[in-house]
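Worksheet: one structure, shown below.
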Amino acid sequence: MSTIVMPEPDLAILDRRDEIVAALERALPENNVISELAETIAYECDGLSAYRCPPLAVVLPNNTQEVSAIMRTCYELGVPVVPRGAGTSLAGGALPTADSIILGTARLNQHLDIDIPNRFIRVQTGVTNLSVTGAVEGQDFFYAPDPSSQLACAIAGNIAMNSGGAHCLKYGVTTNNLMGVTLVQADGEIITIGGEHLDTDGYDLLGLICGSEGQLGIVTEAVLRILPKPEGARPILIGFDEPETAGQCVADIIKSGILPVAIEYMDRLIIQVTDEFSGAGYPDVEALLIVEVEGSEAEIDQQLEKISAIANKLNPAALRQSHSEEESAMIWKGRKSAFGAVGQLNDYMCLDGTVPVSKLSDVLKAIGELSKKHDMKVGNVFHAGDGNMHPLILYDANKSGDLERAEAFGADILRLCVEVGGCLTGEHGVGIEKRDLMGVQYSDADLEAQMSVKDCFDPNWLLNPAKVFPLALSAARRNRAVQHD
Amino acid sequence: MTDILSPNTEQALSEIILDCKANNQSVRITGGGTRSGLGGAVNATKTLSLKLLSGITLYEPAALTLVAKSGTTYKEIQTTLAAESQRLSFEPMDHRSIYANQGEPTIGGIVAGNISGSRRIQSGACRDAFIGVRYICGHGEIVKNGGRVMKNVTGLDLVKLMAGSYGTLGVMTEVSFKVLPAPERQATLQIANFSVEQAVKAMSKALGSPFEVTGVAHLPNTQDASHTLLRVEGFDSQVTYRLDKLRALLVTNQDVEIIEGSKHDALWQSIRNVDIYTDQTKQLWRLSVKPSDAVKISQQLREKANAELYFDWGGGLIWASMDDQLTNAQSVRQIMTGFGGFATLVRASAATKLKISVFHPQAKGVAKLSALIRQKSDPSGIFNPNLLTSMNLNGDG
C-alpha cells in the first residue's frame, strides 16, 4: 500500500463511459480513440511506476485541430484530461485516474519548419527531445536542454516540466529556450503565444505555461531556440577523499569566472556501482567531479588548465584531463550509465530537489545521516553547478513496506532541501510525487496565487486535476468542477 | 498632488495595500522614477514609493546568486557584483536618456518592465535570469514564488509572470537573480559599409557561428558609413581568437576596426540606452521581430513614417525614431500587421498616447487570459491603473 492517495473517481463519469467514448469517436477521424482495457492499460502509469490506473480512454490526435475537438468534447461532457508526452515523467505527471482520458502526443510527431538564419525550429510537441537536435545537427546546430531521458522524452513533456539536463549551467532550462507555443485551452480554444521573435509585450504567458505540468492547456506546437554547436567540448575528472572538498572545488571553479557547461558530482556508492557496470575506470574516491568546458582546442586547454590549478590547490586524490574524444567518452561513460547501473542492482527512487550550491556539502552530510536514521541506502549523482541534487534511494519493491519507507526518507530529504533555501524539484516536476509536500515550500497564500492562475485557464479544473497542488487545498475547486456537470 | 507612501517593511506595505482595498484607493508604484514614461499614464489616488525597501539581502558569488529588495538601486547591485567580477548578464538598458530624467534606476523597475539590453540575444532577457520573487498581491497578502536556486520547477512559474507585468499584478518586495561571471576582456569587431540586407545576413552568420558573439548591432547611418558591430567577451586569448575567426568568416573587402577599452564601453552603452534618439519631441518605437524580417520592416518604416532607425539583437530589435504624428504611429502598427513580433510605443506626446495603444494589440484569446489573471491578482484595481489599458486587457479585442 503506497502513501500517495488519488481521489476517488467520479462515478457519474464512469457511468457515462460509452457515451464519452462515442462522443470522442465522433469528434475525431478513425483510429484515434483507444477504449479497450487491453490497450488502455499501456497508459496506466508513467516513469513513477509504483502508481498505476488505466484511464477511461486514450486519444491520440494528429494535429492541433483534433486536440481542440477533444478538449471541446471533454469540456462539454465534464471529463478530466490528463496530457501525456512520452510517459517518462518521474513524478507521476502523466498518471491517469479511472475517470480521465489520456491525451497522448505520440502522433504529433512532425518537424514543421527549420529556420537556420533565425535560429529556431518549429515542431509538433510529440517529437522527442533528441530528434530536435537530430533535425538540425547537420547544419551544426543543437537544441540545448538535454534531460537524461532525451532519447525517449517528448518536447510536450519537456515544456510541461520545464526540463533541464546536464548542460543548464550554461544554456538554461526549457523556459530559456522556448520562443513560442500553440496552446489548446480547456474549452478547445486555440491560442498562439510568442513566436519567431524574442519576448512579449504583455504578461509572460509563455513563461507561465512552461513548467505548468499540463495544468493550463495542451501545447501542440512549439518554436524552440536552436544554438550553434560549440567547436568542441572536453571534460576533466577530479576525485576527492572528502565530499566537502569536492563541494569547495565546485564553488571555487564557479567563482573563478569560468563557466563550465556542466559540473557533475558522484558519491562513492555511485562511483563503485557505475564503474562495475560500465568499466569506466573511475578512481577509488569518496567524491568525483566531472567538469566539462567548451570552445576551440586552445580555449578548452586553457580553461581545463585553470580548473586543474584550482583543483590542485585542494589536493585531489585523482585528476584526469581528457585530451581526446575517446578519453572524454571514458570519463562520461560511467556518469551516463549511472541510473541504469543502479537500476540493475536495485529498485530505486530518484528525487531532484535543488539546494544553494553553497549548501551542497552540508546537505550531503545530512543525507548521510538521514540514510542511517531510515536504515536505507542512498547514492548521490547530480548536477553540482546548479545545486540540482539527485539522491537515489535504494529499496526493494517486492518487500512489503519498503516503498513507503523510501518515500518517507525521500520526503525528509526534500524537506531538508527547502530548509536550506532550495526547492522540492529542480527538473522532474511536482506531479503526484511531491504534491502533498508543496506546503513545506509554499504557504497557503502562495499556493492560492498559483491555483487562481489555473482558474483563469481551466475554470472547471479538468486539466490534470489532483496533481501539483495538495489534495486538501485543491478539493473545493475540484469538487466544484464535479458539481458543474 | 497625491499622497506619497514609503513603507520600509514588507509588512507595512501589505497594510497599505489592505488599506487601499478597504478604502477604494489605488497606487502608482515607483522606484527610481526613471521609467515612468513606459506604458499608459497611470491614474491612481496615491503614489507608492519603494525607495525604502532597499538593500541586497543575499549575495553568494560561488552560487551565482543575488537577492535584493526591490527598491535597491541598480548601481548598488552593479558595484557589489563588480567587486566579485560578476554581473547581471542581461545588461538592462537605462531609460534616462530617452526620457531625459534624473534619478537612480531600481532593480524592481528593471524586473517590472523585463528590461534587457544587447546581450539578451545571447544570454537571455531579464526574465531568464530572474529566479525568485516576493510580492504583495491585490488581496494584501505576501506571496512568494521561485526562490534562490536556478533550477526550480516547483509549482506554477509566477516569477516569469511578474517580470514585465509593470507592477499590475502585485507590488514586488524582493527579487532573486542568477548572476554570471564578468569577462576578462571585451572587444568589438566593427565592419563598415554593409547595407541593411548585408548586415542582417552577416549578423545571422555571426550568431550562427560557435564564436559566442554577445552583442550584434547595425547602425545604418553613422556619419557617412554604416557600422556593423560584433561584440565578443571572454578570456584574453579567447577574445583574440574569436575576433580573428569572425573576421575571416564575414569580412571580404570592408573596412574593419577593433574597438576596445573605454570607447568600447561607451559604444555599447549608447546602443543599449538608445542615446542617439534623445529628442523628446520625437516618437520612439521599439520593435521585436524575426531578424530576417528586419530588412523589409525597416524599409517600410523609412518609406511610410520617414523613420531613422538602428538594429540590435542581430536585427531582431529595431529602434525607430520619427516625427510625433499620429499617422506615423498608425503606419508602424499597419506595417507590423504583415509580420510577427510586436511594436511598443516607448515615447510620444500625451496626445498621441491617448489615441493609439502604447503596447502592441493582443489577440483576443491572449487578451482575455491576461485580463482574467489581472482580475484574480488585483480584483480591486489597486496597482498602476491605466498603465496597461491599451493592451486590450478588457478582452474586447
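Summary of values
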| quantity | calculated |
| --- | --- |
| Compactness of the protein assembly as shown, expressed as Rg and Dmax over alpha-carbon positions, Å | 26.7, 82 |
| Relative packing of peptides A:102-115, A:73-86 - highest average C-beta neighbours within 10 Å first | A:73-86, A:102-115 |
| Loop chymotrypsin sites (Phe, Trp or Tyr not before Pro), segment A:92-188, which have at most 12 other Cβ atoms in a 10 Å radius of their Cβ (DSSP) | none |
| Packing-based order for B:74-82, B:277-285, using average beta carbon neighbours within 10 Å, highest first | B:277-285, B:74-82 |
| Inter-label distance, nm, simple model (7 Å from Cα along the C-beta direction), residue B:364/residue B:102 | 5.0 nm |
| Of B:51/B:178; B:304/B:368; B:151/B:205, those spanning more than 28 Å from alpha-carbon to alpha-carbon | B:304/B:368; B:151/B:205 |
| Spin-label pair residue B:269/residue A:308, simplified geometry with 7 Å Cα→Cβ offset, distance in nm | 4.1 nm |
| Shielding by partners - mean other protein chain Cβ count within 10 Å, residues of B:196-206 | 1 |
| Whole-Å distance, taken between Cα centres, linking segment A:155-170 and segment A:133-150 | 12 Å |
| Peptide A:352-360 - average C-beta neighbours from other chains (10 Å radius) | 5 |
| Shielding by other protein chains, B:372-384, mean Cβ within 10 Å | 2 |
| Percent RCO, i.e. relative contact order, over segment B:266-364, from Cα pairs under 8 Å lying at least 6 residues apart | 32 percent |
| Segment B:213-236 versus segment A:335-413: alpha-carbon centroid distance in Å | 49 Å |
| Principal axis dimensions, largest first and in whole angstrom, of segment A:112-228 by Cα | 39, 29, 25 |
| Gyration tensor (alpha-carbon) shape descriptor, segment B:185-273, a/c threshold 1.5 | oblate |
| Packing-based ranking, highest mean first, of B:156-163, A:325-332, B:269-276, B:378-385 given that Cβ atoms within 10 Å are counted | B:156-163, B:378-385, B:269-276, A:325-332 |
| Projected area averaged over orientations for segment A:16-57, convex hull of C-alpha atoms, nm² | 3.4 nm² |
| Cα gyration tensor shape for segment A:49-168, rounded if a/c is under 1.5, else prolate or oblate | oblate |
| Greater than 22 Å apart at Cα, pairs in B:21/B:376; A:434/A:454; B:160/B:296 | B:160/B:296 |
| Helix B:236-250 vs. chain B, principal-axis angle (Cα, 0 to 90°, nearest 10) | 70 degrees |
| Angle between chain B longest axis and helix B:364-377 axis [Cα atoms, degrees, rounded to 10] | 40 degrees |
| Helix-only CD estimate at 222 nm, as mean residue ellipticity for chain B, using -39500 (n - 2.57) per DSSP H run (n ≥ 4) | -9500 deg cm²/dmol |
| Spin-label pair residue B:43/residue A:242, simplified geometry with 7 Å Cα→Cβ offset, distance in nm | 6.7 nm |
| Nearest-0.05 FRET efficiency for residue B:333 and residue A:26, computed from C-beta distance (R0 41 Å) | 0.45 |
| Stretchable slack from residue B:303 to residue B:192, in nm (0.36 nm times residue separation minus alpha-carbon distance) | 37.6 nm |
| Helix B:196-207 vs. chain B, principal-axis angle (Cα, 0 to 90°, nearest 10) | 80 degrees |
| Where only alpha carbons of segment A:306-397 are counted, the Rg and the Dmax (Å) | 15.6, 46 |
| At most 16 other Cβ within 10 Å, DSSP loop - GluC sites (Glu not before Pro), segment B:192-274 | B:260 |
| DSSP-defined beta bridges in chain B - what % are antiparallel, rounded to 5 | 90 percent |
| Segment B:137-205 versus segment B:48-105: alpha-carbon centroid distance in Å | 13 Å |
| Tensor-based shape of segment A:399-446 (alpha-carbon gyration tensor, a/c under 1.5 rounded, otherwise prolate or oblate) | prolate |
| Taking chain B and dividing mean pair separation by its residue count, relative contact order in percent (alpha carbons under 8 Å, at least six apart) | 18 percent |
| Rounded to 5, the percent of DSSP beta bridges in segment A:112-228 classed as antiparallel | 95 percent |
| Förster-model FRET efficiency, 56 Å R0, residue A:109 and residue A:323, C-beta, rounded to 0.05 | 0.90 |
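Any read-out appearing in this document is the output of simple, stated calculations on the displayed coordinates, not a laboratory observation. Since this is a predicted model, take the numbers as computed values, not measurements. In this analysis, Cβ positions are derived from the backbone assuming ideal geometry, glycine residues included, and neighbour counts consider all displayed protein chains.
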